[in-house]
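I'd like to ask some things about the structure below.
The values are calculated or read from the model by the stated rules, or taken from the named source; none is laboratory data. Note that the coordinates shown come from a computational prediction; the quantities given were computed from them, not determined experimentally. Because the Cβ atoms are built from the backbone with ideal geometry, glycine has one as well, and the counts that use them run over all protein chains shown. Keep in mind that these areas ignore ligands, DNA and RNA; they rest on the heavy atoms of the full protein, side chains included. Shrake-Rupley method; radii C 1.70, N 1.55, O 1.52, S 1.80 Å.
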Amino acid sequence: MALGALISAYHEDDQGGLRALFPLAGRTLIEYQARCAAAVGAAPIVVMVERIPAALNDAFERLRGEGIAVVPVSDGSEAASRFEAGALILQLADGLAPDVPTLNRLTEFAEPAIAIVPDDEAHADFERIDGVSRWAGAALVEGHTLGSTAAMLGDWDLQSTLLRRTVQAGARRIATEDGGAAALLAHRPEDLTGFERRLLVATRGERSDWSSRYVLPIVEEFATERLMESRVRPEWLVFAGLLLTAAAAFCFSRGWLWPALGLLITSTPLDLVGARLASLRLQPLPPRHLARRLLWPAAGLALLALGWWSSHHGGGWGAFFAAIMTAAFAEAARIERAGSEVPPQTWLFSRRNAIFAAIPFAAAGWWVPGLVALATYAAVSLFVVQHFRHGIDRD
């Protein structure tokens, strides 16, 4: 069954500004609501507005630039005409910071449903449904209910009237998880401060190597907070990391060793920041994103370029051989541990770990011993992975 979304965006705060324009994660609340609706498969996404100030129009343009089509309408009848006959409509309240798991639960039903929170002091700002529950700000309504409500609306508020009629029709009630702790209805911009912090924390993800766990978090956090307010796309950051790595390979081949290492160090947080920005905007990078997959072979190319240059400038054939062995052991370890969790995974050879492990050797001018150390690191990582992997298989 087709699923659309109807977002109310006409209520104002005490200062006369639209709640829909409250800042959230570098964008606006209405953009987050639209992304949430798109994330659960809703299309079209209709936004009920009375006026479209420049800031709201800019938000709509940013969403369209991301491939999320939003349709502003000014009355209930026009809103109803935008949906297919028989479609279910995801209704989001004005000022709601949606909880995506709650929306997913709602959209699993092929019938009208209402998300509810307890009628207690913590949820006093939510609209009361009965003596024991309040509306959590999200509901699944039928298209014909929206049409009939718009036809008899008059001067009544569409959001509340549509909710009441859905309740009277006997819609299923879905209690939010954790007693409604994740439900948030913003009446002032500062109401979203804690929610924004939770969004940032939720995008951190798993730290798979020691460099991203202990070295990069401060840089990553700072960059994410600054870039989430920009127009920078997550894919651009991943491509930038790939270009820096390729440039480092070229610099190594020319003997510009420190500039090359600097480029590699600069590239280390970019894919992490890009992934976090994508998660914040509810458009995660695909697991097999081409640029992310190419970071590994590009780093291998840089390693071989360093070995080749060192072998022609005093390092002898052993330097290039060490680079080849590092690449071979590292790739074998990557293949061996694919699809399995190895207990000491944080400390094993990885692209970022290798770059930071090379810094002390570079600082001492020991480029060839550094290659030998990396080859040893990669070989030990392979043996550790094989030990745990085959031990798990035997168990």
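How long is the gain from Asn57 to His387 if the chain were fully straight, where each residue apart is worth 0.36 nm and the alpha carbon distance is subtracted? Mind showing how you got there, number by number?
Numbers: separation 330, 0.36 × 330 = 118.80 nm, distance 5.82 nm.
Length gained, Asn57 through His387: 113.0 nm.
First select every other residue whose beta carbon is under 13 angstrom from the beta carbon of Leu285; then total the charges, Lys and Arg +1, Asp and Glu -1.
For residues surrounding Leu285, the net value is +4.
Roughly speaking, what is the centre-to-centre gap between segment 85-149 and segment 271-286 when only Cα atoms are used, to the nearest Å?
28 Å
What fraction, in whole percent, of alpha-carbon pairs in segment 246-395 exceed 25 Å separation?
Of all Cα-Cα pairs in segment 246-395, 34 percent lie more than 25 Å apart.
Label segment 127-266 by shape, choosing from rounded, prolate and oblate, from the square roots a ≥ b ≥ c of the eigenvalues of the Cα gyration tensor; if a/c is under 1.5 it is rounded, and otherwise prolate applies when a/b is larger than b/c, oblate when it is not.
Since a/c reaches 1.5 and a/b is larger than b/c, the shape of segment 127-266 is classed as prolate.
Over the chain, what percent of the accessible surface lies on carbon and sulfur atoms, probe 1.4 Å? Present the calculation step by step, with values, prior to reporting the outcome.
Details: 10840 of 18390 Å².
Result for the chain: 59 percent of the exposed heavy-atom area is carbon or sulfur.
Now for a separate question. Filter the DSSP H helices in the chain by two things, a Kyte-Doolittle mean of at least -1.0 and an axial alpha-carbon span of 24 angstrom or more, and list the hits by number.
For the chain, where a helix must reach 24 Å along its axis and average at least -1.0, the hits are 234-254, 290-310, 316-336, 367-394.
When only Cα pairs under 8 Å and 6 or more residues apart are kept, what is the percent relative contact order across segment 297-395? Kindly include the intermediate steps, with their values, before the conclusion.
Values: 91 pairs, mean separation 35.0, N = 99.
Reported as a whole number, the value is 35 percent.
Counting only heavy atoms of the protein chains, get the accessible area per residue of the chain (1.4 Å probe) and round it to a whole Å² value. Let's see the in-between values first.
Values: 18390 Å² over 395 residues.
The answer is 47 Å² per residue.
In a shell of Cβ-Cβ distance under 13 Å around Leu192, excluding Leu192 itself, what net charge do Lys and Arg (+1) and Asp and Glu (-1) give? It would help to have the intermediate numbers written out before the result.
Numbers: positive: Arg19, Arg27, Arg188, Arg197, Arg198; negative: Asp13, Glu31, Glu190, Asp191, Glu196.
Result for the neighbourhood of Leu192: 0.
Using DSSP to call loops (not H, G, I, E or B), can you name the GluC sites (Glu not before Pro) in segment 90-197 whose Cβ has at most 12 other Cβ atoms within 10 angstrom?
Glu108
In the neighborhood of Ala9, defined by Cβ-to-Cβ distances under 12 Å, what is the net charge if each Lys or Arg adds +1 and each Asp or Glu adds -1?
Combined, the nearby Lys, Arg, Asp and Glu give -2.
Continuing with the same structure: Describe numerically, in nm with one decimal, the distance between label points set 7 Å from Cα along Cα→Cβ at Asp119 and at Val219.
5.5 nm
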